[in-house]
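Taking it in order: structure first as structure tokens, then the write-up.
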Ligand SMILES: Cc1ncc(COP(=O)(O)O)c(C=O)c1O
């Protein structure tokens with residue numbers, strides 16, 4: 001680790017000569033950062049650099065406090081009264097509206113519930129039923145597997161004549177918008193490469209052909225500007241545990257454009273999506289609006305934690321988050337480029353920042369071992385098979401000096417070949 005970067009006074013990596021950040025020294029960049037104080041809202045280990053907020057966001061003080069309150073007071077003392085007393089019943093809507101602000105959605109269209117996978121099942125079913133004369137769900141081959149698996153499951157259930165998954169190369173999506181396509185299912189940011197799709201262009205082109213569009217915002221909500229209403233998006237899903245910092249297994253969210261809310265019907269018609277759940281009627285009647293997309297009882301503890309975590313975003317706008325996240329990534333990318341020991345790492349994210357989300361991905365045949373060595377040396381990144389080292393730039397709790405430190409640690413691991421230690425080749429269930 002270079003003393004300069006570690007003390008925050010030096011260049012990205014002064015051992016290897018990469019001393020131009022384009023924005024002054026890293027310490028100066030921290031001083032000028034309008035989001036710098038936000039780190040105080042988090043309870044994070046200060047001896048580590050956390051570059052994995054794209055997988056699991058950090059614990060905020062607000063979330064920690066709420067976790068205590070909801071367990072000790074609300075559940076512990078107030079027990080079942082809390083459904084009304086602490087408005088547990090309103091949590092899906094309340095948290096949904098806080099997310100709506102971050103994804104360019106007017107009120108009444110976003111709700112927090114279930115996982116992305118389950119929400120996709122609901123939305124895909126609804127969208128296919130709205131395009132009953134078509135059967136194809138089009139998706140990029142590089143989409144996140146659960147998105148594809150959910151279509152495959154639905155195809156097994158509905159039969160090939162009602163649902164059929166068509167995969168195309170990621171760059172061929174717009175040319176594959178054929179007349180038999182009912183739904184296009186896309187991740188706004190590719191989970192491996194970090195490549196960002198043009199939501200406005202693809203949505204418009206698909207809709208011009210009568211195709212409904214479902215966007216997966218797992219890697220963009222809370223860090224990349226999203227304009228669901230302005231892009232006239234039909235449906236969307238997203239994740240609570242990544243950039244939104246909602247905690248492990250936090251509930252996901254879904255968005256249904258207001259214009260579809262009367263027609264779109266989902267098949268997981270549980271009592272929480274009923275218009276009057278406490279009337280206990282035998283006949284299902286969907287709640288009006290997006291609430292009809294709820295199914296079972298909300299996971300109150302994790303949803304409360306997510307709800308509190310979202311308050312950290314109350315006084316920031318997404319454009320600010322985006323600017324900082326790109327600047328952090330820029331410092332990392334430049335540090336890698338300028339460090340001879342890192343020559344073997346091959347960037348597979350778009351170089352043009354307008355075309356990528358908030359992460360960088362590097363290919364290396366030993367990416368797994370390198371990632372493990374990084375973690376052991378206090379830089380938390382992740383690995384995506386077969387050969388990708390992924391680093392994410394969460395702007396709320398990362399400092400520019402942290403990025404300098406991470407590049408230094410990576411240099412040392414590569415230069416001294418520390419990754420060769422067999423201990424870094426032991427694979428666990430989760431990578
Ligand atoms: C793009 C994308 N979609 C979906 C998921 C998983 O969603 P869930 O576990 O909420 O079903 C992930 C997880 O990393 C993801 O990256």
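The values are calculated or read from the model by the stated rules, or taken from the named source; none is laboratory data. A quick note: this is a predicted structure, and the numbers were derived from the prediction, not measured. Cβ coordinates were reconstructed from backbone atoms using ideal geometry, including for glycine residues, and neighbour counts include every protein chain displayed.
Report yes if some residue within segment 283-300 is more than 18 Å from residue 219 (Cβ to Cβ), without any contact (Cβ under 8 Å) to a residue 12 or more places away in the chain and not assigned by TED's automatic domain parsing to the domain that holds residue 405; otherwise report no. Break it down stepwise before answering.
In the first step, residues of segment 283-300 are kept if they are more than 18 Å from residue 219 (Cβ to Cβ); the result is 283-300.
Of the ones still in play, those that are also without any contact (Cβ under 8 Å) to a residue 12 or more places away in the chain are 283, 285.
From what's left, not assigned by TED's automatic domain parsing to the domain that holds residue 405: 283, 285.
Looking for residues that are more than 18 Å from residue 219 (Cβ to Cβ), without any contact (Cβ under 8 Å) to a residue 12 or more places away in the chain and not assigned by TED's automatic domain parsing to the domain that holds residue 405, one finds at least one in segment 283-300, hence yes.
Just give me the residues in segment 355-376 being surrounded by fewer than 21 Cβ atoms within 10 Å (Cβ to Cβ) and either in contact (Cβ under 8 Å) with a residue 40 or more places away in the chain or assigned to a strand (DSSP E or B) (or both), in sequence order.
Taking segment 355-376 and keeping what is surrounded by fewer than 21 Cβ atoms within 10 Å (Cβ to Cβ), we get 355, 363-366, 375-376.
Across segment 355-376, the qualifying residues are 355, 363, 366, 376.
Checking the conditions here, which among 238, 270, 222, 247 is within 24 Å of residue 297 (Cβ to Cβ), at pLDDT 95 or above and in contact with a helix residue (DSSP H, G or I) (Cβ under 6 Å, 6 or more places away or on another chain)?
Numbers: 238 fails: in contact with a helix residue (DSSP H, G or I) (Cβ under 6 Å, 6 or more places away or on another chain); 270 fails: in contact with a helix residue (DSSP H, G or I) (Cβ under 6 Å, 6 or more places away or on another chain); 222 fails: within 24 Å of residue 297 (Cβ to Cβ).
247 is the lone residue from the list that is within 24 Å of residue 297 (Cβ to Cβ), at pLDDT 95 or above and in contact with a helix residue (DSSP H, G or I) (Cβ under 6 Å, 6 or more places away or on another chain).
Scan segment 240-248 and give yes if some residue there is assigned by TED's automatic domain parsing to the domain that holds residue 207, within 12 Å of the chain's Cα centre (by Cα) and more than 19 Å from residue 50 (Cβ to Cβ), otherwise no. First the steps, then the outcome.
Going through segment 240-248, the residues assigned by TED's automatic domain parsing to the domain that holds residue 207 turn out to be 240-248.
Right, trim to within 12 Å of the chain's Cα centre (by Cα) and you get 240-246.
When the remaining residues are screened for being more than 19 Å from residue 50 (Cβ to Cβ), the result is none.
Taking every residue of segment 240-248 in turn, none turns out to be assigned by TED's automatic domain parsing to the domain that holds residue 207, within 12 Å of the chain's Cα centre (by Cα) and more than 19 Å from residue 50 (Cβ to Cβ).
Residues being in contact with a helix residue (DSSP H, G or I) (Cβ under 6 Å, 6 or more places away or on another chain), within 18 Å of residue 246 (Cβ to Cβ) and not in a helix (DSSP H, G or I): count how many of those fall in segment 57-81.
Of the residues in segment 57-81, 1 are in contact with a helix residue (DSSP H, G or I) (Cβ under 6 Å, 6 or more places away or on another chain), within 18 Å of residue 246 (Cβ to Cβ) and not in a helix (DSSP H, G or I).
Restricting the search to segment 309-330, which residues are assigned to a helix (DSSP H, G or I) and surrounded by fewer than 23 Cβ atoms within 10 Å (Cβ to Cβ)? Before the answer, list the steps.
Keep residues of segment 309-330 that are assigned to a helix (DSSP H, G or I), which gives 309-313, 318-330.
If the condition is that a residue be assigned to a helix (DSSP H, G or I) and surrounded by fewer than 23 Cβ atoms within 10 Å (Cβ to Cβ), then 311, 312, 313, 318, 319, 320, 322, 323, 326, 327, 330 are the ones that fit.
I'd like to check something: does segment 169-180 contain any residue that is over 14 Å from residue 215 (Cα atoms) and touching a helix residue (DSSP H, G or I) at 6+ places or on another chain (Cβ under 6 Å)? It would help to see each step written out before you state the result.
As a first pass, look at segment 169-180 and keep what is over 14 Å from residue 215 (Cα atoms): 169-172, 174-180.
Okay, now just the ones that are also touching a helix residue (DSSP H, G or I) at 6+ places or on another chain (Cβ under 6 Å), so 174, 177.
Yes, segment 169-180 contains a residue that is over 14 Å from residue 215 (Cα atoms) and touching a helix residue (DSSP H, G or I) at 6+ places or on another chain (Cβ under 6 Å).
Within segment 290-307, identify whether any single residue is at positive phi, more than 16 Å from the ligand (Cβ to nearest atom) and in a helix (DSSP H, G or I), and answer yes or no.
Narrowing segment 290-307 to residues at positive phi: none.
There is no residue in segment 290-307 that is at positive phi, more than 16 Å from the ligand (Cβ to nearest atom) and in a helix (DSSP H, G or I).
Give just the number: which of (1) closer than 30 Å to residue 60 by Cα; (2) in contact with a helix residue (DSSP H, G or I) (Cβ under 8 Å, 6 or more places away or on another chain); (3) in a helix (DSSP H, G or I) does residue 394 not satisfy?
(3)
Within segment 13-35, can one find any residue that is at pLDDT 95 or above and under 22 Å from the mean Cα position of the chain (by Cα)?
Checked segment 13-35: at least one residue is at pLDDT 95 or above and under 22 Å from the mean Cα position of the chain (by Cα).
Just a yes or no: is a residue in segment 408-419 buried (at least 24 other Cβ atoms within 10 Å of the Cβ) and assigned to a strand (DSSP E or B)?
Checked segment 408-419: no residue is buried (at least 24 other Cβ atoms within 10 Å of the Cβ) and assigned to a strand (DSSP E or B).
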